[in-house]
Amino acid sequence: MVADPKIPAWRRNFQISFPLDISYIPIGLASGILLHAAGFNFFNTLLLSILVFSGGAQFLIASMLTINSPLLTVVLMLFFLELRYALLGSSLSKYLHGQSTLFTFLFAVSMNDENYAVNYLKFSTDKKFTPRYALQIEHWSLFFWAMSNVVGSLLGTAIHIDLTVVHFALTALFLFMIVMQVKNFLKIFIALLAAGLAIFFLVITKSTLGLVCSTLLASFVGFLIDNYLRRRRIKTHHKSRLIKMFKNPAGTPKED
């Protein structure tokens with residue numbers, strides 16, 4: 001579909017991001033309510049929404065602070081949870097050549113999973129789509145997310161939330177993320193391994209730092225297995241039964 005030149009660019013970008021913006025409202029309201037239950041006031045909720053801009057991270061913060069987790073554990077968990085943005089950002093970097101350092105910084109801090117998907121699709125299908133248009137889409141989604149969090153925080157002052165529910169919010173979030181990532185046997189195996197290691201390290205360390213240890217170790221084991229299978233596939237030029245078990249049904253990208 002050819003864009004109408006009479007429509008201002010900001011309005012076209014708003015129309016592109018609008019379905020995404022609307023989807024943020026219920027999740028943002030829930031996030032704001034949980035953050036209020038965790039002790040965040042109106043201003044802190046707004047600041048967190050702008051600086052973090054991640055539903056998963058904000059639910060994680062609310063849940064872990066509610067159970068009095070150490071600040072170091074919260075920071076480490078956030079680091080590993082958000083580490084995926086390094087990969088997402090690198091896949092968009094080829095479209096941002098020639099941009100200033102300030103522009104790249106603003107683009108990076110306002111990117112999340114959903115607006116990344118929208119921008120990547122536009123970059124790959126629309127030759128007239130520019131980095132500044134992509135930044136506008138990110139800022140529209142950030143605006144709706146932050147406002148939804150703020151409204152949720154205000155609702156939290158009038159609605160009593162049983163903190164027991166907050167304890168299970170993070171569990172439900174990560175179960176959903178695991179289900180969405182299950183595409184091959186390797187990910188199922190690593191998820192089960194991480195669960196077993198988490199129980200072991202929690203008993204040993206008697207703190208939530210055990211979650212960080214189990215995450216690191218399970219991720220390293222997954223990397224070793226995946227690297228071994230890739231090298232074996234390249235050397236043998238055929239797929240053994242072991243490789244087929246761990247194969248991604250959706251396929252894997254071709255390596256250079």
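The values are calculated or read from the model by the stated rules, or taken from the named source; none is laboratory data. As the structure is a computational prediction, the values presented were derived from the model and not from experiment. Backbone-built Cβ (ideal geometry, glycine too); neighbour counts: all protein chains shown. Accessible surface areas use protein heavy atoms only, side chains included; no ligands, DNA or RNA. Shrake-Rupley method; radii C 1.70, N 1.55, O 1.52, S 1.80 Å.
A few comments on the model shown:
- Here the average projected area of the convex hull drawn through the C-alpha atoms of the stretch 47-97 stands at 4.2 nm².
- Legend: calculated FRET efficiency, I234 to A158, from the Cβ-Cβ distance at R0 = 45 Å, rounded to 0.05, equals 0.15.
- Fully extending the segment from K187 to R132 would add 16.1 nm, taking 0.36 nm per residue of separation and subtracting the current Cα-Cα distance.
- Computed from backbone phi with θ = phi - 60° and the Karplus coefficients 6.51, -1.76 and 1.60, the 3J(HN,Hα) list for the stretch 155-160 is 5, x, 6, 9, 10, 7 Hz; x is used for glycine and proline.
- Where I204, I137 fall by accessible area, highest first, once all protein chains stay in place (1.4 Å): I204, I137
- The stretch 1-85 shape via C-alpha gyration tensor axes, a/c threshold 1.5: prolate
- Accessible area per residue was computed with a 1.4 Å probe on protein heavy atoms; T101 scores about 120 Å².
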